[in-house]
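The values are calculated or read from the model by the stated rules, or taken from the named source; none is laboratory data. Computed from a predicted structure; not experimentally measured. A quick note on method: Cβ atoms are made from the backbone with ideal geometry, for glycine too, and the neighbour counts reach across all protein chains shown.
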Amino acid sequence: MRGAPLLVLLAALALPVATSPATADTTRPLLWATDAEGGAPYTFKDPKDPNRNIGFEVEIIAEIEKEIGQPIVPQQYAFSSLILGLQRGDFDFAMNGLEVTPDRAEKVLFSIPYYVFREQLVVRRGESRFRDLEGCAKIHCVVGTLEDTAADRLLHARGMTATMYDGVVEPYRDLVLGRVDAVLLDLPIAIYYAKPNPDLEFAGEAMARGTYAIMFQKGNEALKHRIDAALERLIQDGRLRAILEHWNLWDDQQAALAQVGGGDIIAASRQAWTFERYFPLLLRGATLTVFLAVVSFGLAVLLGLPIACMRLYGAAPLRWAAIAYVEFFRGIPVLLLLYVLYYGMADLSTASGLGSAFRLDPIQAAILGLGLNYAAYEAEIYRAGISAVPYGQWEAAASLGMTGWLAFRRIILPQAVRTILPPMTGDFVALFKDTSIVSTIAVVELSKQYQILSKSSMKYLEIGLLTAVLYLVMSVPLGFLSRRLEKIWGRGIL
Amino acid sequence: MTAATAPPGNPGTDLALEGLRKGYDGHPILDGLTLEIAAGSTVAIIGPSGGGKSTLLRCLNGLTPFEAGGVRVGPHRLGAGPIAGPNRAAAQQIRRLLGMIFQDFQLFPHLTAIENLVEAPLRVLGMPVEEARAEAERLLERVGLSHRKDAYPRELSGGQKQRVAIARALSMHPRGLLCDEITSALDPELKGEVLAVMEDLRRDGITLLMVTHEIGFARRAADRVLVLDHGAILEDGPPSEVLERPKTARTRQFLSLLLG
């Protein structure tokens, strides 16, 4: 039991980092990065089978798969981190309504376009102050949009006030609630998320044409040419058109498209997302949360003790190193640490010619980040607990011929544990909840799973309460366990 | 106890201080003490507080480092300077020969009485568990506490705690015991039970160095009385001499204060 967390940790860190997507193996599955969170009609979870994705991009990928004769596997990845992930080599390509822009073209490779999009302004039904973007700009209204998109740049170029979102569901919700005056997003999004909503309406014509294309890592021309060729054939033989028509996205004329509409896929999906369908996904997220919490806390507890000992008993340089460690890791946000470990280390690894040697996978980066951060707190708790044992105990142990290490292990530490345990349990519960922050580096744990499911089903409250219950079911027993351990280990002392 | 015989090579001399000097903030606590103590003798060290009595005991077993001079216990010599390197090894050896008992007991609170006794023999001497337990039970019986062997220290009275501490020191088979005001924290009616145990040990021939304020005990049980003041030895002789016919006015004054 005592060695188990360490083993799990080592196993996790030893997970193969090797399968570098950049290699030109044509038999292994290609990794396709996409964000299924609120991703209709591009890629989103099938309410009838939560384990698979549907959407027009899913169907295009299926055809490409047939053309190139190589399996393609989707990988959930945060939309705002897709370019970073591509540069790290986390996957082979990204396809997620990504617009072709000159500055992106400097960092990545683009395929030929597979869709021509325009931007659609959406307002509350009966909006009388303005009917188009110009009118909106005149009255200095606030427009919601997705960050780092064509719509974002359009608003910026016109000097308009924009509120940035990192998902497509929230801007329309906030529009209904009156938090923004209008929403400017790509037409496919507007068709699926805004058109069916009786509280919202389209304002003016769609504008500002642009194209979606598939993104590859710079230098991966081989894959780009294979997929370009496949897309070319889909366009030539009408399969692409069939897919776009199927999703009501074929728009040789914008007015016609607007009349057809997308149907109320959101309302349908709300009914389709039943408890039996979403609960297993929440449980899977909960399992990962527990794993992350236990392994990273194990790391923190193991690492904290030597740091505390260095600070208490080490020679000056060791003591300074321990103080520097504690102050550094306590003083920086975990989020920053996770980004540096996940993206920064990968850059460094590539730049220094070490290839993928330091390219941590998301789980490894999460465990390391949380572990390093919490080790600083644990070290301080150990230090306080150990210092609280009277000095006379050291002298009594020494006078019996015990060496320093023996006295520490058998006499000092067992007494310190009694003081250490309650704050340490508190830290574990805090870490347990802090695991939700690792969703920022593409780990789908319980909180991320909640975000994805609630946006797909619009059941924010219902699934939210259930998720809270799952967290409580896991954290409350910890308190009881801690009090029991305090009783057992505290015998004789209190 | 059979352990009170003198170590080979040093017949008759178990313990010596050679010009020991120890200061604190430039103010001397022990001022060049030289002293020899014969194996098997009982020495009472008395004197006003701040006179250096406790420091003397702590220098002897390497709990406190000193600036000059040396300590010799049997064949082992502890020199001036920090307790590190050869000094650490010597201190380790000396602590095997000299047990220590503290004013505030310093029992290990997370261990029961008997566990307090077996911990060091088990882990320092590598004694087998059954042997260590049997020995511990014998020692607890000797100090009259076999019925309390499974009690935790906080469940014991002060006198009982100190008797467990004595038994714990004896569990390492020392040749001598350093006793640092071992009855000072006890109520008068509990002092007797502890001192009775010490008189019993003395009859077994173990060397006893006792810093104490119990003049009655010193008169009755000590072979030799040392009066320490300002880091120097003021008087040194049998109790009949030092306690009845002190040579210095300072000692007379101290004794009259102590005896009321």
Query raised in the report: Which of the residues belonging to the stretch A:96-130 are modelled with pLDDT of 85 or more, surrounded by fewer than 16 Cβ atoms within 10 Å (Cβ to Cβ) and in contact with a strand residue (DSSP E or B) (Cβ under 6 Å, 6 or more places away or on another chain)?
Result: A:Arg125
Query raised in the report: Here is a list of conditions, (1) farther than 30 Å from B:Arg138 by Cα; (2) at pLDDT 90 or above, and B:Gln93 meets all of them except one; can you say which number that is?
Result: (1)
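Can B:Ile46 be described as under 15 Å from the mean Cα position of the chain (by Cα) and away from chain A (no Cβ under 14 Å)? Show your work before the answer.
Values: under 15 Å from the mean Cα position of the chain (by Cα): yes; away from chain A (no Cβ under 14 Å): yes.
Considered against the rule, which asks whether it is under 15 Å from the mean Cα position of the chain (by Cα) and away from chain A (no Cβ under 14 Å), B:Ile46 comes out as yes.
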Query raised in the report: Among all residue pairs at least 6 apart or on different chains, which show Cβ distances below 7 Å where the first residue, located in the stretch A:311-322, is surrounded by 15 or more Cβ atoms within 10 Å (Cβ to Cβ) and the second is in a loop (DSSP other than H, G, I, E, B)?
Result: A:Ala322/A:Gly314
Query raised in the report: Of A:Ala384, A:Ala396, A:Ala379, which residue is surrounded by 21 or more Cβ atoms within 10 Å (Cβ to Cβ), more than 9 Å from chain B (Cβ to nearest Cβ) and not polar (S, T, N, Q)?
Result: A:Ala379
**Report entry** Residue that is farthest from B:Arg95 (Cα to Cα), among those in the stretch B:62-77 that are under 18 Å from the mean Cα position of the chain (by Cα) and of a type in the set (Gly, Ala, Ser)
**Finding:** B:Gly74
Report summary line: Going through the stretch A:146-169 in order, the residues found to be without any contact (Cβ under 8 Å) to a residue 24 or more places away in the chain and of a type outside the set (Phe, Trp, Tyr) are A:Asp152, A:His156, A:Ala157, A:Gly159, A:Thr161, A:Ala162, A:Thr163, A:Met164
**Report entry** Check on A:Pro333, out of contact with any helix residue (DSSP H, G or I) (no Cβ under 8 Å at 6 or more places or on another chain) and within 14 Å of chain B (Cβ to nearest Cβ)
**Finding:** no
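A quick yes/no check of all residues on (1) under 30 Å from A:Phe480 (Cβ atoms); (2) within 14 Å of another protein chain (Cβ to nearest Cβ); (3) modelled with pLDDT under 95; (4) surrounded by fewer than 18 Cβ atoms within 10 Å (Cβ to Cβ):
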| site | (1), (2), (3), (4) |
| --- | --- |
| A:Ile367 | yes, no, yes, no |
| A:Val417 | yes, yes, yes, no |
| A:Pro423 | yes, no, yes, yes |
| A:Ala442 | no, no, yes, no |
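Each row is one residue, and each column tells you yes or no for (1) modelled with pLDDT under 80; (2) surrounded by 20 or more Cβ atoms within 10 Å (Cβ to Cβ); (3) charged (D, E, K, R).
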| residue | (1), (2), (3) |
| --- | --- |
| A:Asp228 | no, no, yes |
| A:Glu232 | no, no, yes |
| A:Arg239 | no, no, yes |
| A:Asp251 | yes, yes, yes |
| A:Gln254 | yes, no, no |
| A:Ala258 | yes, no, no |
| A:Gly261 | yes, no, no |
Query raised in the report: With (1) among the polar types (S, T, N, Q); (2) farther than 16 Å from A:Met402 by Cβ; (3) touching a helix residue (DSSP H, G or I) at 6+ places or on another chain (Cβ under 9 Å) as the list, and B:Asn87 as the residue in question, which single condition is left unmet?
Result: (3)
Query raised in the report: Going through the stretch B:178-208 one residue at a time, which ones are of a type in the set (D, E, K, R) and within 14 Å of another protein chain (Cβ to nearest Cβ)?
Result: B:Asp180, B:Glu181
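Give, as residue ranges, the helices (runs of 4 or more DSSP H) completely inside the stretch A:167-246 that count at least 1 residues that are within 23 Å of A:Tyr460 (Cβ to Cβ) and touching a strand residue (DSSP E or B) at 6+ places or on another chain (Cβ under 9 Å).
On the way: elements: A:169-176, A:221-236, A:239-246.
Filter on the stretch A:167-246 gives A:169-176.
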Query raised in the report: Within the group A:Leu472, A:Leu461, A:Leu478, which residue is of a type outside the set (Asp, Glu), closer than 27 Å to A:Asp166 by Cα and more than 14 Å from every other protein chain (Cβ to nearest Cβ)?
Result: A:Leu461
Report task. Could you please tell me which pairs satisfy a Cβ distance under 7 Å, a separation of 6+ or placement on different chains, a first residue in the stretch A:432-450 that is more than 16 Å from A:Leu360 (Cβ to Cβ) and without any contact (Cβ under 8 Å) to a residue 12 or more places away in the chain, and a second residue that is part of a helix (DSSP H, G or I) and of a type outside the set (Val, Ile, Thr)? Result -> none
Requested in this report: Filter the stretch A:401-415 down to the residues that are among the aliphatic types (A, V, I, L, M) and facing another protein chain (nearest Cβ under 8 Å), then identify the one that is nearest to B:Met100 (Cα to Cα).
Outcome: A:Met402
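Can you tell me which residues in the stretch A:203-217 are modelled with pLDDT of 85 or more and either in contact with a Lys or Arg (Cβ under 7 Å, 6 or more places away or on another chain) or under 13 Å from A:Asp92 (Cβ atoms) (or both)? Write out each step before concluding.
The first filter runs over the stretch A:203-217 and keeps only residues modelled with pLDDT of 85 or more, leaving A:203, A:212-217.
Listed by number, the residues that qualify are A:Ala203, A:Ile214, A:Met215, A:Phe216, A:Gln217.
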Report task. Tell me which of these A:Ala375 doesn't satisfy, since it passes every other one: (1) within 19 Å of A:Thr289 (Cα to Cα); (2) at pLDDT below 90. Result -> (2)
Report task. Please go through the stretch A:128-151 and pick out each residue that is aliphatic (A, V, I, L, M) and in a strand (DSSP E or B). Result -> A:Val142, A:Val143, A:Leu146
Query - Condition met for B:Arg175 (of a type outside the set (A, V, I, L, M) and either within 14 Å of chain A (Cβ to nearest Cβ) or more than 21 Å from the chain's Cα centre (by Cα) (or both)) - result: yes
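Would you be able to say whether some residue in the stretch A:428-439 is part of a helix (DSSP H, G or I), more than 12 Å from chain B (Cβ to nearest Cβ), of a type in the set (S, T, N, Q) and closer than 30 Å to B:Glu115 by Cβ? Write out each step before concluding.
Restricting attention to the stretch A:428-439, the residues satisfying the condition of being part of a helix (DSSP H, G or I) are A:428-439.
Now drop any that are not more than 12 Å from chain B (Cβ to nearest Cβ), which leaves A:428-439.
Applying the additional criterion that residues be of a type in the set (S, T, N, Q) yields A:435-436, A:439.
Next cut, closer than 30 Å to B:Glu115 by Cβ only: none.
Looking through the stretch A:428-439, none of the residues is part of a helix (DSSP H, G or I), more than 12 Å from chain B (Cβ to nearest Cβ), of a type in the set (S, T, N, Q) and closer than 30 Å to B:Glu115 by Cβ.
Does any residue of the stretch A:292-306 turn out to be small (Gly, Ala, Ser), touching a Pro at 6+ places or on another chain (Cβ under 7 Å) and surrounded by 15 or more Cβ atoms within 10 Å (Cβ to Cβ)? Spell out the reasoning first.
Quick first cut of the stretch A:292-306, residues small (Gly, Ala, Ser) only: A:293, A:296, A:298, A:300, A:304.
Restricting the remaining residues to those that are touching a Pro at 6+ places or on another chain (Cβ under 7 Å) gives A:298.
With surrounded by 15 or more Cβ atoms within 10 Å (Cβ to Cβ) added as a condition, the list becomes A:298.
Checked against the condition, which is being small (Gly, Ala, Ser), touching a Pro at 6+ places or on another chain (Cβ under 7 Å) and surrounded by 15 or more Cβ atoms within 10 Å (Cβ to Cβ), the stretch A:292-306 yields at least one hit.
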